[in-house]
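What follows is a short report on a single structure.
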Amino acid sequence: MDARSKTGVSIRSATKRYGAVVGLDDVSLDIAPGEFVSLLGPSGSGKTTLLGILGGFVKPTSGSVWVGERDITFEPPHKRDIGIVFQNYALFPHMTVGENVAFPLRARRLPKGGWAAKVADALAMVELSGYENRGIAQLSGGQRQRVALARAIVFEPQLILMDEPLSALDKQLRENMQIELRRLHRKLGATIVYVTHDQREALTMSDRVAVMRNGRLVQIDAPERLYDRPCDRFVASFIGEATLLNVARAGDSAVKLGDAVLHTAHPLPRGEELLLAVQTEKLRIDDNADEQADGGGLNGVNRLRCRVTEVLYQGESLRVFATLADGTAISLRQPGSHHARTRIPPPGNDMTVVIDPQDTIVVAA
């Protein structure tokens, strides 16, 4: 099977209004051929509306959608040659696995003589070879999800849309399927647009992540850049576990937090109202901090003195809560290993935490 997309997707100034309510507000987005792009955002952010416009289930109030040189804005869904995986899989319970996978071939009236080979090929792609005659009720949740994927790719679409297809799975299976979906994308080379509200899911699978809020596209970037360089306070608070602290400008590449001056490796945003995004996993405990002051210290790292208030065991990690000298609350996440636990002072004790200037993120308030 070769479902490789030869053309990209272009969304141009797409807007959708429901009376006085704006569901999508002037969104433009270009997706390269073979790219995996996730639409990430909270409920009501517009991501599902945008996916519906791509699939033809929602008609835009204005704007257009192009696949290569073809304007598909007002084409019905069945003429778009787009594979779709729904949140509830939408499998037919009265049909076998093979019949479910073959349904798009039947709907497109493709020659019946080639159905069996295409179905077998699609099932092999999702590692369900030999399941053609199984009933849907005989399958686990993960297997049903794979059948839905096979049905979406069996007719070799240019574009595959996925609407939170892993949300119904338990945590371990969901994480395993994220890795498998990423591998499947590499095999297919197809263009995929994936809707999710789960940031870890989006960061794990995507070439780029488009963060949406209130119907608008806020930031689109590669996962690492999105995480390390959020464009504003919303993205900084939505991606990862970050505490936003008010800071004052203290130079071209430094800010002041209480009595501490912290240096950043990134340009400061404009304006005087600034926020430091303290990401829990980027703080670490300084074992050699007895005589070191707050702010820029030895080895080019920033240091903050604080007092431990609570330590929460969360299995693979520990969440440590602390307060700075002025009462400002911060938290950090440490590994759950025995060695890491021995480094954490008990509640009521002082400690010093360090953060690298590369990880010192400042956004506009």
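Annotation: amide H-H contacts under 5 Å for Leu217 (H modelled 1.01 Å from N, sequence separation of 5 or more, or interchain): none.
For the range 238-246, backbone phi angles converted through the Karplus equation (6.51, -1.76, 1.60; θ = phi - 60°) give residue-by-residue couplings of 7, 9, x, 10, 10, 9, 9, 10, 5 Hz, Gly and Pro being listed as x. Rounded to the nearest Hz, the phi-derived 3J(HN,Hα) couplings of the range 105-117 under the Karplus curve 6.51 cos²θ - 1.76 cosθ + 1.60 (θ = phi - 60°) are 5, 5, 4, 8, 6, 6, x, 5, x, x, 4, 4, 5, where x marks glycine and proline.
In terms of its alpha-carbon gyration tensor, the range 132-187 comes out oblate; a/c meets the 1.5 threshold, while b/c is at least as large as a/b. Which option, [x] 0.94; [y] 0.96; [z] 1.07, is the value of Rg/Rh (Cα atoms, Kirkwood Rh) that was calculated from these coordinates? Matching entry in [x] 0.94; [y] 0.96; [z] 1.07: [z].
Residue by residue, the range 255-271 carries 3J(HN,Hα) couplings of 10, 10, 10, x, 8, 9, 9, 10, 9, 10, 8, 10, x, 6, x, 6, x Hz when phi is fed to the Karplus relation 6.51 cos²θ - 1.76 cosθ + 1.60 (θ = phi - 60°); x denotes Gly or Pro.
Under 5 Å from the amide H of Val126 lies no amide H of any residue 5 or more positions distant or on a separate chain, with H modelled from the backbone and absent for Pro and chain starts.
Shape verdict for the range 70-215, please, from the Cα gyration tensor: rounded (a/c under 1.5), prolate (a/b greater than b/c) or oblate.
Taking the square roots of the gyration eigenvalues as a ≥ b ≥ c, the range 70-215 is oblate.
Note on Lys47: lysines with a C-alpha under 23 Å away, same-chain residues under 8 apart excluded, are Lys16, Lys59, Lys79, Lys171.
Inter-label distance, Glu75 to Phe57: 1.9 nm, where each label sits 7 Å from its Cα along the C-beta direction. Once backbone amide H atoms are built at 1.01 Å from N, Gly336 has Ser317, Leu318 as its partners under 5 Å, excluding neighbours fewer than 5 places away on the same chain.
Quick note: the coordinates plus some simple rules give every number you see, no bench work behind them. Note that the structure is a prediction, hence the values are computed from the model and not measured. So basically every Cβ, Gly included, is an ideal-geometry build from the backbone, and we count neighbours across all protein chains shown.
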